[in-house]
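Okay, so here's the structure we're looking at.
The values are calculated or read from the model by the stated rules, or taken from the named source; none is laboratory data. What you see is a predicted model; the values in this text were computed from it and never measured. Here the Cβ positions follow ideal geometry from the backbone for every residue, glycine too, while neighbour counts run over all protein chains shown.
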Amino acid sequence: MPDIALLLAGLGLAAMSIYLFVSTLMSNNTDANALAWASGNEPAKSKSPIVNFSRPLVHNFTLQHAARIKNPEYRKRIEKKLLTAGLSQELNVDEFIGLQVLWGIMLPIVLIILKFTLGLGFPYWFCIGIGLFGAYFPHMYCAMQTNQRYLSVICDLPFFIDLLALSTEAGLDFINGIQRIVDKAEDSVLASELGTVLKDIKLGSSRADSLKAFAKRLDIPEITSFVAVVNDADFTGASIAQVLKDQSEQMRMERFVRAEKAGARASQLMLVPMIIFVMPAVFIVVFAPVILQFFYGGN
């Protein structure tokens, strides 16, 4: 029975693959303009070799079908994920959905082919689970990139704000202070995003709007707070240098509190391996002689 179910699942996936392939060959290129990037340029090369490997397959087989998914809420969620993960220049929404369709179908087909050709003994539900994993993998990739960006920004932000405060105290205005920091800083997420802020300002955007877009791209509470404080100081006419100093001190305090919480949580997590591995060994050493003496008496 499991073999029959697996065979039917394989036939269904194969039929779906044939449908995608044939419909792609028979379709015209009227949707090409709709799928093109707004800039008209090719997307940047992804940092993931899996995405780079899959992109030609997506463009040839699944991209047109991904464009038919018109759910606006789902597309907005994907667009926000790509923006906060820093992948908006590498992937668009259609490519993201195309990757989901491709991996959700391709991985189970590969497993089914391996099962019947090599006689592997994994159950049919394993193929379904791998298909679901493949469809969800783009979301996992975005989450990993977002977490890496978050850690990088949180580590660099107090230092950047200190440098910005020193620059403004030395006589530079806020924008020139950012420019100097970006020129001198090593390549990092925060330096790259501040460089984007400068580009937006040079293209005619106001400082407040550029900083709000900066906070939206990163979607980090500390960045949102920093942007709100800077814009408020600009609106009220307060000293920007003193505001930056206070903000840097507050962020260092918050980072210290986070480190304390992480240390307390680590000590709690250490109890699990101690209970599983250490305590049984201690019980054996302590109680084994007593138990042996109880069973064998004085002998």
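Overview of results
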item	result
The one condition in (1) under 25 Å from ALA259 (Cα atoms); (2) modelled with pLDDT of 90 or more that CYS155 fails to fulfil	(2)
Qualifying position, being in the same structural domain as LYS245 (by TED's automatic domain parsing) and surrounded by fewer than 21 Cβ atoms within 10 Å (Cβ to Cβ), among PHE159, PHE122, PHE126, PHE133	PHE159
Among (1) assigned to a loop (DSSP other than H, G, I, E, B); (2) free of Cβ contacts under 8 Å to residues at least 40 places away in the same chain - the single one GLU90 does not satisfy	(2)
Residues of the range 213-230 that turn out to be under 21 Å from LEU163 (Cα atoms) and without any contact (Cβ under 8 Å) to a residue 24 or more places away in the chain, as a count	8
Total residues in the range 56-79, condition assigned to a helix (DSSP H, G or I) and either closer than 15 Å to GLY134 by Cα or without any contact (Cβ under 8 Å) to a residue 40 or more places away in the chain (or both)	16
Among residues of the range 253-286, those that are under 16 Å from CYS155 (Cα atoms) and β-branched (Val, Ile, Thr), counted	1
For LEU120: the one exception among (1) in a loop (DSSP other than H, G, I, E, B); (2) out of contact with any Leu (no Cβ under 7 Å at 6 or more places or on another chain); (3) under 30 Å from LEU57 (Cβ atoms)	(2)
So SER239, is it surrounded by 15 or more Cβ atoms within 10 Å (Cβ to Cβ), small (Gly, Ala, Ser) and assigned by TED's automatic domain parsing to the domain that holds LEU190	no
ARG180 in contact with a Leu (Cβ under 8 Å, 6 or more places away or on another chain), in the same structural domain as THR236 (by TED's automatic domain parsing) and over 22 Å from ARG255 (Cα atoms)	yes
